[in-house]
Amino acid sequence: MEKHMKITAVLLAAGQGTRMKSDMPKVLHPLCGKPMLWHVLESLKEVATEKPVVVVGYGADEVTEYLGDSARSVLQEPQLGTGHAAMQTESLLKGKTDMVIVTYADMPLLRNETFKRLVETQHLNPGPFSLLTIIADDPRGFGRIIRKPNGTVEAIVEENIATPEQKQIKELNAGAYCFNADWLWGALKRIEKNPGKGEYYLTDVVEIAVKDELPVQAVVHDDFIETIGINTRIHLSEAEAAMRQRINHSHMLNGVSMTDPTSTYIEAGVKIGKDTTIMPNTYIHGNTVIGERNVIGPNSVIRDTTVGNGCKILASVTESAILEDDVDIGPFARLRKGAHLMRHVHMGNFGEVKDSTLHEGVKMGHFSYIGNANIGANTNIGAGTITANYDGEKKNPTTIGENVFIGSDTMLVAPLEIGDGAKTGAGAVVTKNVPEDTLVVGMPARAIRKFEKKSKQQ
Ligand code: UD1
Ligand code: CA
């Protein structure tokens, strides 16, 4: 392809998506954690050379806000069909681009390679555009491709106006086109209102080219899955399953093991290093980066978390947390926002850590809550330890030194500082700072009275 060729992607996203029965614009419904629209933009990234243009209408503000800097948006108001939608981009794009890829934002499974093929086909086509078709037994309401006896594409007929014979046609309009821009603007103006729904159908550009005796090229695609279009929530769930499988396969091909991919839910954009194993029933969401040689799950939920190498996360929940190398948590550990576990930290069952740093080698085996705390290296947190960090108004910090031994069931009433090497007795309620290498004990059980022993004879 010529280097200087300017290619712009146009995504049609103005429709409400009535069949979704939702207040949210259809294109913002998530698929593997990211809006449908994100997936389409992602697939077009390496294909287009210019910033994409999204035609918005229903929920325009919401969609435009979501797009931010990632695309330009153009308003279509009212929404008079896909041809009318494409027409709205003329003032922005005329004279600014050589090729225009037009696709529908409700087709999130189309791959980058497929768009590339489409552009390459159009590049060799002396005619004004190329389009993507798919041969499938289930027509799913798609437009049918009409071909001339010599095989060239003659028209696209929408299902609602197709004759019974045309409805039998197995070649369908997948919903992606690559146009010669200069030709497109003129052709869009020639589209007439379709008698079906009274809309201007983009698909009518085929007949316009044919009338002018210009060749239209079709890229016939064979991956039915890629052309799942989302009109209902059932389609959305089908697309979700397909996308999830695609994501899981790509991780496995990159060296990640999954004992049961069908119960492994990894969102788009998550990064996982090689020789990490993901066990069943595990959910990995958001901006999560996982290193190498970890074992994650079973039964874990990991969100916006950074995991180093060699960690074990068993039946645990983490959110906005950092685990450095060789950290081992669970079963039933919970890391909340701002939990930072440095190397070799061990956290056992029923612990919760929030806004706290546990330095290298800290051990926290059972039933503890650590909030707003900084815990020095190799300190041991006994079972049932609690940082009482909240005084009813604000969160107070707890600082614990290195090699400290916090006895079981200690209450650490913040703000509090405990020096290096200090020890607290079981059940201590610590309200004052503890100097280094000092033992504090509190509230030992007192003898109240001695029971009279009943003699066995009585
Ligand atoms: C469309 C095609 C059909 C194709 C199918 C593939 C037309 C006329 N039909 O049908 O041939 O097989 O996609 O998925 O193009 N939109 C706007 N403005 C409008 C109307 C729609 O931006 O005025 C957007 C929608 O938000 C949607 C996309 O265009 O993202 C497609 O519209 P939709 O109504 O879903 O078209 P289909 O009936 O699926
Ligand atoms: Ca559609």
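The values are calculated or read from the model by the stated rules, or taken from the named source; none is laboratory data. The model shown is predicted, which means the values in this text are computed figures rather than measured ones. For neighbour counting, all protein chains shown are included, and Cβ atoms are generated from backbone atoms with ideal geometry for every residue, glycine included.
Do you know which residues across the range 159-178 are outside any helix (DSSP H, G or I), within 35 Å of the chain's Cα centre (by Cα) and either within 16 Å of ligand 2 (Cβ to nearest atom) or more than 22 Å from D222 (Cβ to Cβ) (or both)? Of everything in the range 159-178, those that are outside any helix (DSSP H, G or I), within 35 Å of the chain's Cα centre (by Cα) and either within 16 Å of ligand 2 (Cβ to nearest atom) or more than 22 Å from D222 (Cβ to Cβ) (or both) turn out to be L172, N173, A174, G175, A176, Y177. Suppose the filter is more than 33 Å from the chain's Cα centre (by Cα) and either within 13 Å of ligand 1 (Cβ to nearest atom) or under 28 Å from A239 (Cα atoms) (or both); does K116 pass it? Answer is no for this residue.
I'd like to check something: does the range 252-262 contain any residue that is within 16 Å of ligand 1 (Cβ to nearest atom), crowded, with 17+ Cβ neighbours inside 10 Å and part of a strand (DSSP E or B)? Can you show your working first?
First, pick out the residues of the range 252-262 that are within 16 Å of ligand 1 (Cβ to nearest atom): none.
The answer is no, given that none of the residues of the range 252-262 is within 16 Å of ligand 1 (Cβ to nearest atom), crowded, with 17+ Cβ neighbours inside 10 Å and part of a strand (DSSP E or B).
Here I234 passes the criteria (1) loosely packed, with under 14 Cβ neighbours inside 10 Å; (2) modelled with pLDDT of 95 or more; (3) more than 13 Å from F129 (Cα to Cα); (4) more than 16 Å from ligand 2 (Cβ to nearest atom) except the one numbered (4).
Suppose the filter is within 10 Å of ligand 1 (Cβ to nearest atom), β-branched (V, I, T) and either more than 33 Å from the chain's Cα centre (by Cα) or within 25 Å of M5 (Cβ to Cβ) (or both); does T121 pass it? In short, no.
Please enumerate the residues belonging to the range 140-149 that are within 14 Å of ligand 2 (Cβ to nearest atom) and surrounded by 18 or more Cβ atoms within 10 Å (Cβ to Cβ).
F142, G143
Is it true that A426 is within 37 Å of the chain's Cα centre (by Cα), assigned to a loop (DSSP other than H, G, I, E, B) and either closer than 25 Å to R343 by Cα or in contact (Cβ under 8 Å) with a residue 12 or more places away in the chain (or both)? Lay out the reasoning, then the answer.
Details: within 37 Å of the chain's Cα centre (by Cα): no; assigned to a loop (DSSP other than H, G, I, E, B): yes; either closer than 25 Å to R343 by Cα or in contact (Cβ under 8 Å) with a residue 12 or more places away in the chain (or both): yes.
In short, no.
Please pick out the residue among A187, A218 that is outside any loop (DSSP other than H, G, I, E, B) and either buried (at least 22 other Cβ atoms within 10 Å of the Cβ) or modelled with pLDDT under 95 (or both).
Values: A218 fails: either buried (at least 22 other Cβ atoms within 10 Å of the Cβ) or modelled with pLDDT under 95 (or both).
The unique qualifying residue is A187.
When the range 166-199 is limited to residues that are out of contact with any Phe, Trp or Tyr (no Cβ under 7 Å at 6 or more places or on another chain) and closer than 25 Å to I135 by Cα, the one that is farthest from ligand 1 (Cβ to nearest atom) turns out to be Q168. Could you list, in sequence order, the residues of the range 434-458 that are in a loop (DSSP other than H, G, I, E, B) and either under 18 Å from N380 (Cα atoms) or touching a residue at least 40 places away in the same chain (Cβ under 8 Å) (or both)? Scanning the range 434-458 gives P435, E436, D437, T438, V441.
Checking the structure you have, find out if any residue of the range 85-94 is under 30 Å from E165 (Cα atoms) and within 14 Å of ligand 1 (Cβ to nearest atom). Don't jump to the end; show me each part of the working.
The first filter runs over the range 85-94 and keeps only residues under 30 Å from E165 (Cα atoms), leaving 85-86.
Okay, now just the ones that are also within 14 Å of ligand 1 (Cβ to nearest atom), so 85-86.
Yes, the range 85-94 contains a residue that is under 30 Å from E165 (Cα atoms) and within 14 Å of ligand 1 (Cβ to nearest atom).
The single condition among (1) within 16 Å of ligand 2 (Cβ to nearest atom); (2) at pLDDT below 95; (3) among the polar types (S, T, N, Q) that T152 does not meet is (1).
The single condition among (1) farther than 30 Å from P25 by Cα; (2) within 16 Å of ligand 2 (Cβ to nearest atom) that T227 does not satisfy is (1). For the condition more than 14 Å from ligand 1 (Cβ to nearest atom) and surrounded by fewer than 17 Cβ atoms within 10 Å (Cβ to Cβ), R111 qualifies. I156 satisfies every condition listed in (1) more than 11 Å from ligand 1 (Cβ to nearest atom); (2) β-branched (V, I, T); (3) over 28 Å from the mean Cα position of the chain (by Cα); (4) buried (at least 22 other Cβ atoms within 10 Å of the Cβ) except (1). When you look at I7, is it closer than 19 Å to V205 by Cα, in contact (Cβ under 8 Å) with a residue 12 or more places away in the chain, more than 16 Å from ligand 2 (Cβ to nearest atom) and in contact with a strand residue (DSSP E or B) (Cβ under 6 Å, 6 or more places away or on another chain), yes or no? Here the answer is no, as I7 does not meet what is asked.
If the condition is being within 16 Å of ligand 2 (Cβ to nearest atom) and either assigned to a loop (DSSP other than H, G, I, E, B) or of a type outside the set (S, T, Y) (or both), then the range 87-109 contributes V102, A105, D106, M107, P108, L109. Residues that are assigned to a helix (DSSP H, G or I), surrounded by fewer than 19 Cβ atoms within 10 Å (Cβ to Cβ) and hydroxyl-bearing (S, T, Y) do occur in the range 11-19.
Among the residues of the range 430-458, just one is under 45 Å from the mean Cα position of the chain (by Cα) and surrounded by 15 or more Cβ atoms within 10 Å (Cβ to Cβ), namely V430.
Residues that are closer than 20 Å to Q79 by Cα, within 16 Å of ligand 2 (Cβ to nearest atom) and either out of contact with any Leu (no Cβ under 8 Å at 6 or more places or on another chain) or not in a strand (DSSP E or B) (or both) within the range 37-62 comprise L37, Y58, listed in sequence order.
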